[in-house]
Amino acid sequence: MKFAVCTVLALLTMSSFAAPQKVVYGDDNRVLLSNSTNENFKTWAKATAAMIPSNKVRFPQLDDLYPDTIKVFSETLKESRNLCEGGKFAEQLTAANCSGFLVKEGGVQYIVTAGHCMRAQSDCDSNVWAFGYDSSVSVEAPFLATQNVYKCAEIVDTKLSNISDNDYAVVRLDREVEGVTPLEFRKEGKVSESTELVVIGHPSGLPTIINDKGTIRENDNDFYFVANLDTFGGNSGSAVLDAETGLVEGILVRGEDDYEWVSLDENQSCYRPLVCEEGKCRGEDVTRITNISILTGKEAPFEEEEASYDRNYPRYSPWIDPDHDYDPYPWEFDFNDLY
């Protein structure tokens, strides 16, 4: 395995992406849902959802030949990221911008995601939430079952603070989700530092990816903990669970730069996932789900000041884009995002 040195210098040569994101720590443990051998992980994955821009899906029209399907418009990972030859998941679609997961509290279902994914009603109105966005949704068959795609009705609660780094959102969908068991979640206390973690979501917009063998590296902050997780842009909002019990410990929200620019020769360059040794680079930040009072019924940690997101605030990683988690337009890149 080749270990990449953590640096922002690679960003200075970027020509494909506006918002570099997360990273691989040690071995790359990411697998497609269909390739997982852990039945518990597969069960929990059913409760995860992809946030897909409304302009990337086509709902059934009158007299459509297949009225029970929604067509997805998306590039492959190789196309959208200029991925180096032989890159993992290169031919998979990349439709999702963020991830989320289904919970239930007080008899009401909610989608939980990152606050920077759902900051205002305009975000709610311009995206749909899709369950079952797995590798069966492919270049050859880019279709979702209509019954698995939901519109966002309202943002019940959202937080994105540049003081505490608190980052979460709670969303209500346009109708009840059927056939999916909501995930259980921690309501008090903190995750044990010895807990093995698994994160399930949509890195780089891909179909459902499972990454296990995550470890905790910092656990002192009241609002988030830091972990070694192989996560990428699009994972924002993913459920981070106790790999043994399935209890949701938090929400993936921030992390290290995910891709590095590689010059193959004087005429050809491409991107490959950045690889860091375990415990090196900055780690991935996970908002504690216990922060969300509407779910726990308890008072959230005290925040000195409520503040809206400031893209120049240095503690935010450069992958957070104020409009969405993944942005392929290099001319919008803001070098003030480097920290």
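Extents of the range 184-305, taken as max minus min of Cα coordinates on every principal axis and listed largest first, are 58, 33, 25 Å.
Order 36, 74 by their accessible area, 1.4 angstrom probe, all chains in place, largest first.
Numbers: 36 10, 74 40 Å².
Ranked list, largest accessible area first: 74, 36.
Solvent-accessible area of residue 261, all protein chains in place: 60 Å² (probe radius 1.4 Å, heavy atoms, ligands and nucleic acids excluded).
When the listed pairs 88/187; 46/104; 46/151; 56/88; 46/88 are checked against a 26 Å cut-off, the alpha-carbon distance exceeds it for 88/187. Cut-off 17 Å, label point 7 angstrom out along Cα-to-Cβ of residue 151: give me the residues of the range 88-132 whose amide nitrogen falls inside. The answer is 121-131, whose backbone nitrogens lie closer than 17 Å to the label point. Could you compute how much accessible surface residue 119 exposes when probed at 1.4 Å, giving the result in Å² to the nearest 10? That residue has around 90 Å² of solvent-accessible surface. The label point for residue 139 and the one for residue 188, both projected 7 Å from the Cα toward the Cβ, are 5.3 nm apart. For the range 49-100, the equivalent ellipsoid derived from the Cα gyration tensor has semi-axes of 26, 13, 9 Å, listed largest first. When 151, 159 are compared by accessible area at a 1.4 angstrom probe, the order from most to least is 151, 159. Using the Cβ-Cβ distance between residue 61 and residue 299 with R0 set to 45 Å, the FRET efficiency from 1/(1 + (r/R0)^6) comes to roughly 0.40. Accessible area per residue was computed with a 1.4 Å probe on protein heavy atoms; residue 187 scores about 80 Å². Excluding ligands, DNA and RNA, the accessible surface per residue across the range 140-255 is 35 Å² with a 1.4 Å probe.
Applying a 10 Å radius around every beta-carbon, put 134-143, 76-85, 217-226 in order of their mean neighbour count, most first.
On the way: 134-143: 15.3, 76-85: 18.7, 217-226: 17.0.
Ranked by mean Cβ neighbours within 10 Å, highest first: 76-85, 217-226, 134-143.
Each principal axis of the Cα cloud of the range 42-183 was evaluated for its coordinate range; sorted largest first, these ranges are 41, 40, 31 Å.
The values are calculated or read from the model by the stated rules, or taken from the named source; none is laboratory data. Please read all numbers here as calculations on a predicted model, not as lab measurements. Cβ coordinates were reconstructed from backbone atoms using ideal geometry, including for glycine residues, and neighbour counts include every protein chain displayed. To get the accessible areas, we keep the full protein, side chains included, count just its heavy atoms, and leave off ligands, DNA and RNA. Shrake-Rupley method; radii C 1.70, N 1.55, O 1.52, S 1.80 Å.
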